[in-house]
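The values are calculated or read from the model by the stated rules, or taken from the named source; none is laboratory data. Note that this is a predicted model, so its numbers are computed, not measured. Every residue, glycine among them, receives a Cβ derived from its backbone with ideal geometry; neighbour counts consider all protein chains shown.
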C-alpha cells in the first residue's frame, strides 16, 4: 500500500491523531464544566460522542507511535478497512453531535436571546472544539478511504 | 474508469439521485407546512440545506438520464472530481442541518415535553426524510470517491 502524508504509521498521522484527541478532550472538559449542561440531551450526546472520539483517536495515536518506533508495517487491507470503518463511524457521530449541540446553542443565543441572561460561552467553546476535532477526523477518514481504494 | 453500481450514468445511480431528490423535497414540504417553523434558525437551515440537496441531486439525475439515453461517457477525472466535491459539500451540509434540527426537536420533545402541547410530528417527519436523503447522498459520495481513487 502507498505511503503518503496522513497514512497510518507516519509522523503526520500521529500529529493528526493527537490533535483529534486534544480537541475532543477540550470539548468534553468545556461542556462538563458548563452549569446545567445535563438538562439538555444534545449536550450530553456531545460529551458521549467526544469521549468515543477521544478513545478512538488516542488508540490510533499509540498505534502510530508503535509503528514509528518499531518500524512495522500495518498497511494491510484488513487493518485499513477497520481504520476506515472506525474513522467513518466516529466522524459521523461527532458531526451529528456537534451539529445537534450547535442547533440548540443557536436556539438559545439567537432565537431566545437566552445567552444575555445566562453565559453560553462554555457551550460555544465545547462545540467549536468538537467541530475542529471532527474536521481532523474527516480528513483522516478521507485519507484512509483513499488508501484502501488505491491499495 | 471502472463501471460499478452507483457510478454516474448507471441505472442504479439514477434511482439513487431520484430518491435523494424525493426525500429532500418531502423534507422541505413537511417542514414548510409546520406552523411556526420560521421562528427556529435550525429548522430554516434544514429547508435551505434540503433545497440545495434537491437541486444538486435532481441535476445529477438529469445527467444520469442523459448518459443512459445518449450512451455518452462522463467518467472523466475532472468531472468525477466535481461530483465528489459537490456530493461531499451537500452531504455534510445535509447531515449538519438534519442533526441541528434533530437536536432542537429532541429538546422540544424530551427535555421540555413541549410536544404534548403543540404537535411536533411535522418537524420529526421533515428530519426523518432529511436523514434518509443524507444517507443516500453519503452512499453516492463514497462511491464517487472510490471511483476517483481507483480511476
Check whether at least one residue in region B:75-82 is more than 22 Å from residue B:141 (Cα to Cα), away from every other protein chain (no Cβ under 14 Å) and surrounded by 13 or more Cβ atoms within 10 Å (Cβ to Cβ), and report yes or no. no
Got a number for residues in region B:20-44 being surrounded by 20 or more Cβ atoms within 10 Å (Cβ to Cβ) and in a helix (DSSP H, G or I)? 10
Can you pull out the residues in region B:90-123 that are over 18 Å from residue B:43 (Cβ atoms) and within 12 Å of another protein chain (Cβ to nearest Cβ)? B:91, B:92
Top-ranked residue in region A:132-151 [being at the interface with chain B (Cβ under 10 Å from one of its Cβ atoms) and over 18 Å from residue B:138 (Cα atoms); ranked as nearest to the chain's Cα centre (by Cα)]: A:147
Which of (1) in a helix (DSSP H, G or I); (2) within 22 Å of residue A:110 (Cβ to Cβ) does residue B:118 not meet, given it meets every other one? (1)
Residues located in region A:21-57, provided they are within 14 Å of chain B (Cβ to nearest Cβ), under 18 Å from residue A:87 (Cα atoms) and without any contact (Cβ under 8 Å) to a residue 24 or more places away in the chain: A:47
Residues in region B:92-104: is at least one under 17 Å from residue A:107 (Cβ atoms), assigned to a loop (DSSP other than H, G, I, E, B) and in contact (Cβ under 8 Å) with a residue 60 or more places away in the chain? no
Please verify whether residue A:66 is at pLDDT 90 or above and either surrounded by fewer than 17 Cβ atoms within 10 Å (Cβ to Cβ) or farther than 20 Å from residue B:107 by Cβ (or both), treating the condition exactly as stated. yes
Would you mind stating whether residue B:125 is at pLDDT 90 or above, under 30 Å from residue A:146 (Cβ atoms) and surrounded by fewer than 18 Cβ atoms within 10 Å (Cβ to Cβ)? no
Take the conditions modelled with pLDDT under 90 and part of a loop (DSSP other than H, G, I, E, B) and apply them to residue A:148. Does it pass? no
Has region B:4-18 got any residue that is touching a residue at least 24 places away in the same chain (Cβ under 8 Å), over 21 Å from residue B:138 (Cβ atoms), part of a helix (DSSP H, G or I) and away from every other protein chain (no Cβ under 14 Å)? no
